[in-house]
Structure formats: C-alpha cells, structure tokens
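Participant: If you scroll down you'll find the structure; I have some questions about it.
Since every read-out is calculated from the coordinates, none of them should be taken as a lab result. Quantities reported herein were computed from a predicted structural model and do not represent experimental measurements. Here Cβ is always computed from backbone atoms with ideal geometry, including for glycine, and neighbour counts include all displayed protein chains.
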Amino acid sequence: MLIPTVSALLTPEGYDDAEVIVKSIQNASDRGPSMLEELKELWNYRALLMSMVRRELNIRYKNSVLGFLWSFINPLVTVVVMTFVFKTIMRNDTPNFSAYVLAGYLPFTFFQMGLMDSAQSIIGALPLIRKVYFPREILPLSLVIANFVHLLLAMGMFFLYLAFIYITNPAESPFRMTAMYLPFLLILNFCLVTGFSLLISALNVFYEDVKYLVGIITYLLFFMCPVMYFSEKIYYSLGAKGYYLYFLNPVATMVNAYRKILLAPQPQITKEGFDKLGHKIPDMVQAAVPLSMREMLLTSAISLFILWYGYRVFNKLKWRFVERV
C-alpha cells in the first residue's frame with residue numbers, strides 16, 4: 001500500500017503528527033510560502049519522491065517477463081506498423097525510415113504519457129492527501145520522473161537499434177556527433193512535460209473535464225508534430241512563414257530536434273506525377289532543412305516559462321485540494 005510507505009518517509013526533519021497538522025493549517029490559511037521555500041521543502045522530501053518513483057516503476061512491470069523492455073517494445077511495434085504502411089503502401093523510399101520515425105515517436109510518447117498519467121495523480125491519491133501532509137507536487141512529479149526513466153531506457157535501446165543498422169549496412173554510420181546535445185534536449189523536454197503536468201494535475205482537481213481535453217489534445221498533437229513525416233514537408237508545402245508558425249508548437253520543435261541531432265538529415269524526393277493540366281512532373285529532390293537555433297531558443301524559453309507557470313499555479317491551488325476532493 002502507498003500510505004504506509006509514505007508515512008514511513010514523511011518525517012525527514014522529525015515532524016510529529018501535531019506539528020504536521022499545525023503546518024498544514026498555517027499554510028492553508030495564509031498566502032503560502034514562496035516558490036524558493038517550496039523547492040527547499042521538496043528537496044527535504046526527496047526520499048519520498050524517489051520511493052514513489054520506484055513504486056511506480058515496480059507496479060508497471062510487476063509480474064512481467066520482459067520488464068522494462070516493454071518501454072521500447074510498445075513504440076517499436078507501432079513504428080514497425082507505420083513503417084510498413086509508409087514504405088510499402090505509400091512508397092516512401094527514405095533509407096532507415098523506421099529509425100527516423102522512432103526518433104520522433106519516443107519523445108512524443110514521453111510527452112503524452114507524462115500528461116495522461118499526471119492528470120489523475122491528485123484525485124487518485126485522495127486517501128493519502130486526507131491522512132498525511134507532504135508536498136503535493138510529489139504526486140505528479142513522481143509520475144513524470146517514472147515516464148522519463150522509460151524514455152531514457154528507450155533511448156538506450158534506440159542506440160542499440162542504430163548499432164544494428166550499422167552492422168547490417170556498415171557503408172554509412174547512422175551515428176552523429178550532434179548526439180552530444182541529447183542531454184540538453186532531454187532536460188528541456190523534462191522541463192516542458194513537468195510544467196504541463198503540474199498545471200494539468202492541479203486544474204483537473206477542480207475541473208475533471210481537463211483529463212478528457214488532455215486526451216483529445218495529445219491525440220491531435222500527434223498529427224501536428226513531425227513524427228510520421230519530415231519537417232521538410234512543412235517547409236516546402238507551407239513556405240518559410242508557415243514553417244515558422246508550425247514550429248511555434250514547442251512539442252513539434254522537440255520532436256524535430258531529436259530527429260535532427262540523432263540522425264543524418266534526409267533530402268526529400270517528390271515522386272513524379274502530373275499537374276492539374278495533365279503535364280508530367282519529374283522527380284524532384286528537396287534539400288534538407290537544418291535545425292533552426294531560433295526555434296530552439298524560443299522552445300527553451302517556452303519550456304522554462306511553462307515549468308515556472310505550472311509550478312506557480314500548482315502551489316497556489318494545492319492548499320484547496322482537500323476542500324474540493
């Protein structure tokens with residue numbers, strides 16, 4: 001059970017029950033501590049946070065033969081199906097197309113699962129919130145960290161997949177020096193998901209429609225991000241201005257950045273066809289579009305702002321959770 005586990009770890013600084021109750025009442029009645037004080041308190045409860053992360057990981061793979069491999073098998077199966085459809089049915093001749101899809105699908109899955117799991121984190125822990133005091137942000141944060149661990153494990157398997165590609169075709173290495181930027185991108189991705197998760201989990205306590213909106217929005221975002229297609233398609237279809245507006249979406253920029261730093265850029269080939277007048281159009285090669293530093297700087301600013309804003313809103317609302325639930 002979660003409650004005994006939490007109760008055993010709830011007193012990093014020796015709080016007894018009376019002190020916990022007084023602290024909770026004081027925090028609920030005044031304007032509340034500053035964000036810096038909230039972060040210090042969260043640090044004091046880091047053992048509880050890590051315990052809940054381990055619990056989440058253990059529950060997810062309990063009685064599973066393959067264990068953490070499922071964090072890679074699930075997206076891999078999806079990518080295999082998409083690769084079959086696009087290469088066999090839609091005649092996409094991009095070399096190693098599955099690797100490009102997988103490079104975008106893994107971070108998008110982290111974004112989607114992080115938000116979906118955390119949306120119910122506060123309501124799902126109702127008995128715990130009523131019984132004991134602890135920083136409420138631990139609940140959504142533990143789920144985000146658990147999903148982040150899945151992303152890291154899946155990324156490790158992704159590099160093994162690239163190694164397999166290289167072994168089967170050693171003429172060209174799929175590894176790139178730009179992969180050294182991956183830690184920065186992972187941190188930025190974590191900030192974005194954490195900010196959204198804190199915001200969504202807090203709002204869902206008061207408006208349970210939020211969880212349904214999250215499901216719809218993440219589903220639509222999948223098609224609005226370059227997961228199944230290349231960003232070059234956007235550039236050559238919508239032009240430079242449309243391309244810029246498209247990548248105001250920070251999730252799309254994240255997905256595109258993973259693909260650009262992990263894999264070699266791919267020029268796009270437009271197959272021969274016919275125009276509206278029936279004239280034959282020959283094959284055309286469209287140059288790859290490099291990752292824009294402006295897009296990354298803008299996405300970095302948006303991600304940090306969402307992290308700050310999400311945490312700020314969560315801290316303002318968390319003292320009202322018990323009243324609402």
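Participant: Convert each backbone phi in segment 47-60 into a coupling constant with the Karplus relation 6.51 cos²θ - 1.76 cosθ + 1.60 (shift: θ = phi - 60°), then list the ³J(HN,Hα) values in order as whole Hz, x for Gly and Pro.
Facilitator: 5, 5, 4, 5, 5, 6, 5, 4, 4, 4, 5, 5, 5, 5
Participant: Still on this structure: Out of all Cα-Cα pairs in segment 89-155, roughly what percent, to the nearest whole number, are more than 20 Å apart?
Facilitator: 47 percent
Participant: Say the cut-off is 29 Å between C-alpha atoms; which of K40/K62; K40/K131; K131/K316; K211/K316 go over it?
Facilitator: Correct reply: K40/K62.
Participant: Over segment 134-276, what is the mean sequence separation of C-alpha contacts under 8 Å (at least six apart), divided by residue count, expressed as relative contact order in percent?
Facilitator: Rounded, it is 31 percent for segment 134-276.
Participant: Then there's this: If we count other beta carbons within 10 Å of each Cβ, what is the order of F159, F111, F190, fewest first?
Facilitator: Lowest count first: F159, F190, F111.
Participant: Once you have all Cα-Cα distances for segment 148-224, histogram them in 10 Å bins from zero and send the whole-percent values.
Facilitator: 15, 30, 29, 17, 7, 1
Participant: Compute the separation of the alpha-carbon centres of segment 303-318 and segment 155-178 and state it in Å as a whole number.
Facilitator: 39 Å
Participant: May I pose another question? For segment 152-258, which GluC sites (Glu not before Pro) are both in a DSSP coil and crowded by at most 11 other Cβ atoms within 10 Å?
Facilitator: E172
Participant: Determine, for S173, S98, the number of other Cβ atoms within 10 Å of each Cβ, and report the residues in order from fewest to most.
Facilitator: The order, fewest Cβ neighbours first, is S173, S98.
Participant: Convert each backbone phi in segment 203-216 into a coupling constant with the Karplus relation 6.51 cos²θ - 1.76 cosθ + 1.60 (shift: θ = phi - 60°), then list the ³J(HN,Hα) values in order as whole Hz, x for Gly and Pro.
Facilitator: So the J values, rounded to whole Hz, are 5, 5, 5, 9, 9, 6, 5, 4, 4, 6, 5, 4, x, 5.
Participant: Quick check on the exposure proxy: order V77, V53, V227 from fewest to most C-beta atoms within 10 angstrom.
Facilitator: Neighbour counts put them in this order, fewest first: V77, V53, V227.
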